[in-house]
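Undergrad: I am attaching a structure below and will ask some questions about it afterwards.
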Amino acid sequence: MSVPSTQDLQIFLDIATEAALAAGVILKDYCGQLTQIEEKGRPGDLVTVADKAAEAAILQVLERHLPEHAILAEESGQHGDLSNSYLWAIDPLDGTTNYAHQYPFFAASIGLLYNGQPIVGAIYDPSHDDLFRAAKGLGATCNRRPIQVSQTQTLKDSLLVTGFAYDRRETIDNNYAEFCHLTHLTHGVRRGGAASIDLAYVACGRLDGYWERGLSPWDLAAGVIIVEEAGGKVTAYDTSPFDIRSGHILATNNKIHQELSDRLVKIQPLEQFEPV
Ligand code: IPD
Ligand code: CA
Ligand code: CA
């Protein structure tokens, strides 16, 4: 398939927005009404009827407008041929744990990859009615106003965010050491509980940097292009090029990128962590 034109990107962005807002309506409707919450496998990895209903609404929008594109959806998996140049990576409810506890920090995240690179993203946080959007070369917005990353120059003046993957009890590479270390060196490290919003907050300057491991393409696709279009930088921990399949990300306002990377690559995991 041919390289997307500016007009294509605008159309894809509008479709991503329609899908994110449709999911948002469903998430709002179910919030606080859940009678059943299932665990998907690992302890704490939850799924609810809201995840599934929101995903169905997103799929309906994408398949109606763009039946020729492939989709990777968190709850239902692969739709179409994943080797397609255009692949949508969708998380109908990012922040399910927050949602299940009625903690208002969750979003629908809709990203489009072209040959593996994020080119369009829409993230809708219904609790705050925040709609973050971007497309390659077209800039990033929150609620249709342009956004930019922060001006914070140094790690010591920064506010960061991270997260802990569901395999945290099974591996010593669980980010606990990094969290302690960077809490010591900065104004603080938040744990938002929704990777897409963590990225969106870096994009709009509410946070200065974000790192995490163990993520999936649907957690990252939309947020990555929004950070990049807001003037931020996205790489692997060691500043090598970002690879969405790796599950690792370092996303910052650019200014603190090298300093944060230098710290991250040096930190050794805590040998063991057993709660007393
Ligand atoms: C999770 C959230 C969380 C991150 C986890 C993700 P989910 O997604 O983004 O912030 O730390 O690694 O899996 O399960 O709520 O869609
Ligand atoms: Ca997620
Ligand atoms: Ca999810």
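The values are calculated or read from the model by the stated rules, or taken from the named source; none is laboratory data. The model shown is predicted, which means the values in this text are computed figures rather than measured ones. So basically every Cβ, Gly included, is an ideal-geometry build from the backbone, and we count neighbours across all protein chains shown. Only protein heavy atoms, including side chains, enter the accessible area calculation; ligands, DNA and RNA are left aside. Shrake-Rupley method; radii C 1.70, N 1.55, O 1.52, S 1.80 Å.
Undergrad: Touching a strand residue (DSSP E or B) at 6+ places or on another chain (Cβ under 9 Å), under 23 Å from ALA165 (Cα atoms) and touching a residue at least 24 places away in the same chain (Cβ under 8 Å): does that describe GLY116?
TA: yes
Undergrad: Sticking with this structure for a sec: In the set LEU72, LEU113, LEU87, which member is at pLDDT 95 or above and under 30 Å from GLN258 (Cα atoms)?
TA: LEU113
Undergrad: Could you tell me whether region 201-215 includes any residue that is more than 13 Å from ligand 1 (Cβ to nearest atom) and out of contact with any strand residue (DSSP E or B) (no Cβ under 9 Å at 6 or more places or on another chain)?
TA: There is at least one residue in region 201-215 that is more than 13 Å from ligand 1 (Cβ to nearest atom) and out of contact with any strand residue (DSSP E or B) (no Cβ under 9 Å at 6 or more places or on another chain).
Undergrad: Take the conditions touching a residue at least 12 places away in the same chain (Cβ under 8 Å), open to solvent by less than 30 Å² (accessible area, probe 1.4 Å) and either within 13 Å of ligand 3 (Cβ to nearest atom) or outside the structural domain of ALA100 (by TED's automatic domain parsing) (or both) and apply them to ALA70. Does it pass?
TA: Judged against the criteria, ALA70 is not a match.
Undergrad: With GLU55, GLU75, GLU68 as the choices, which residue is touching a strand residue (DSSP E or B) at 6+ places or on another chain (Cβ under 9 Å), acidic (Asp, Glu) and away from ligand 1 (no atom under 12 Å from the Cβ)?
TA: Going through GLU55, GLU75, GLU68 in turn, the sole match is GLU68.
Undergrad: Criterion first (within 12 Å of ligand 1 (Cβ to nearest atom) and either touching a helix residue (DSSP H, G or I) at 6+ places or on another chain (Cβ under 7 Å) or open to solvent by 30 Å² or more (accessible area, probe 1.4 Å) (or both)) does PRO92 satisfy it?
TA: Judged against the criteria, PRO92 is a match.
Undergrad: Residue by residue through region 129-156, note down the ones that are touching a residue at least 40 places away in the same chain (Cβ under 8 Å) and acidic (Asp, Glu).
TA: Correct list: ASP130 only.
Undergrad: Among the residues in region 247-264, are any more than 30 Å from LEU87 (Cα to Cα) and β-branched (Val, Ile, Thr)?
TA: yes
Undergrad: Specify the residue that is nearest to ligand 2 (Cβ to nearest atom); the eligible residues are those in region 68-102 that are aliphatic (A, V, I, L, M) and under 22 Å from GLY41 (Cα atoms). Quick ask: steps written out before the conclusion?
TA: Taking region 68-102 as the starting set, the residues that turn out to be aliphatic (A, V, I, L, M) are 70-73, 82, 87, 89-90, 93, 100.
Keeping just the survivors that are under 22 Å from GLY41 (Cα atoms) gives 72-73, 89-90, 93, 100.
On the way: LEU72: 12, ALA73: 11, ALA89: 10, ILE90: 10, LEU93: 8, ALA100: 13 Å.
Restricting to residues being aliphatic (A, V, I, L, M) and under 22 Å from GLY41 (Cα atoms), the top hit is LEU93.
Undergrad: Do you know which of the residues in region 95-109 that are open to solvent by 40 Å² or more (accessible area, probe 1.4 Å) and either outside any loop (DSSP other than H, G, I, E, B) or of a type in the set (S, T, N, Q) (or both) is farthest from PHE164 (Cα to Cα)?
TA: GLN102
Undergrad: Suppose the filter is modelled with pLDDT of 95 or more and surrounded by fewer than 23 Cβ atoms within 10 Å (Cβ to Cβ); does THR6 pass it?
TA: Numbers: modelled with pLDDT of 95 or more: yes; surrounded by fewer than 23 Cβ atoms within 10 Å (Cβ to Cβ): yes.
Here the answer is yes, as THR6 does meet what is asked.
Undergrad: Give TYR210, TYR166 a once-over and let me know the one that is within 16 Å of ligand 3 (Cβ to nearest atom) and not small (Gly, Ala, Ser).
TA: Selected residue: TYR166, the only one of TYR210, TYR166 that is within 16 Å of ligand 3 (Cβ to nearest atom) and not small (Gly, Ala, Ser).
Undergrad: From the set of residues in region 42-67 that are within 16 Å of ligand 2 (Cβ to nearest atom) and open to solvent by 50 Å² or more (accessible area, probe 1.4 Å), which is nearest to TYR166 (Cα to Cα)?
TA: In this case the residue turns out to be ARG42.
Undergrad: Which one is farthest from ALA122 (Cα to Cα) among residues in region 45-67 that are in contact with a Phe, Trp or Tyr (Cβ under 6 Å, 6 or more places away or on another chain) and within 13 Å of ligand 3 (Cβ to nearest atom)? Give the steps one after another, and end with the answer.
TA: First, the residues of region 45-67 that are in contact with a Phe, Trp or Tyr (Cβ under 6 Å, 6 or more places away or on another chain): 45, 50, 62.
Adding the requirement that they be within 13 Å of ligand 3 (Cβ to nearest atom) leaves 45, 50.
Values: ASP45: 24, ALA50: 19 Å.
Checking each candidate, the answer is ASP45.
Undergrad: Tell me which of these HIS257 doesn't satisfy, since it passes every other one: (1) under 15 Å from ALA203 (Cβ atoms); (2) touching a helix residue (DSSP H, G or I) at 6+ places or on another chain (Cβ under 9 Å); (3) open to solvent by less than 50 Å² (accessible area, probe 1.4 Å).
TA: Single failed check for HIS257: (2).
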